[in-house]
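Visitor: Take this structure first; my questions come after.
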Amino acid sequence: MNLIGGFVILFAMLVSTSARSDSKASKSKSTKGTKASSNTNTIVYLFRHAEQQRTTTTLGTATSAYDVVWDGDAVDISAIDGDTIGSNYDDACGSTHCAEELNPLGLMRASMLGQWFQDNGILSSTTDIFATSKRRTQQTVLPAAALAEMTVQTFPVDGTELDPQSASRTTCPTIDAIKNVSNGSQILVASHTSAIYQIMGPGVAGECTGFGIDISDDDIFPKDDRGSVPRAEYGFIWKFSIDAEGNAQFLKRIDFKLNLITEG
């Protein structure tokens, strides 16, 4: 049992692999239509960050939906005066404070996700753990990294919480990082709704090429009106392989669900 937001919550972790996902894995086409040999494949577990907490505020003289965590330890948050935080995002949150952090439910999901990776023998063969420059992705994989005694690598490497401003700008650095690992690696990758399908699929036009996986099946790759992972969805893990020539093969989608039951 866990106490979150004043309510006692019972957590039940249900991890299931859709039979439909498995059947589609055998039909998924690699970038060049060939299937890699298992001994040289890189394996990628790609998932969204866990649940975050948000506060809408104002930046400079313009209203923005940019999210800021109101935290007693927040850098520069105490300097807010009326509707003005600062002339830019760095003024708003400082160099060390994150604009979006995991909420208590997200922290619980991150902890259970790390434990699941360990219990299923995945951490023992994991070679790299990737996140973006956004702290919410880093927090999501920190429990797994702690269990594996590994360091979380963030991309872009020179990025911060506030630069790049948009999470979608982490797409190409993440793709490049995955492409640069050694053949046969196994990677855990925490990303964002706007980036996940671009990473697996086409990439970003004119900037980088993704892994060419067919993401047209909405049952396995559900989409919102942006063509991205729905914002309300936090429970999917997509597993795919990449052979030595860079050909990608979708393997399966794992549904990592938390059942929340309020006691009383």
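The values are calculated or read from the model by the stated rules, or taken from the named source; none is laboratory data. Worth saying up front: this structure is predicted, and the values here are computed from it rather than measured. Note that each Cβ is placed from the backbone with ideal geometry, even for glycine, and that neighbours are counted across all protein chains shown.
Visitor: Of Val157, Val152, which residue is at pLDDT 95 or above and either at negative phi or surrounded by fewer than 22 Cβ atoms within 10 Å (Cβ to Cβ) (or both)?
Guide: It is Val152.
Visitor: Related question: Are any residues in segment 208-264 of a type in the set (Val, Ile, Thr) and not in a loop (DSSP other than H, G, I, E, B), and if so, which ones?
Guide: Across segment 208-264, the qualifying residues are Thr209, Ile237, Ile242, Ile254, Ile261, Thr262.
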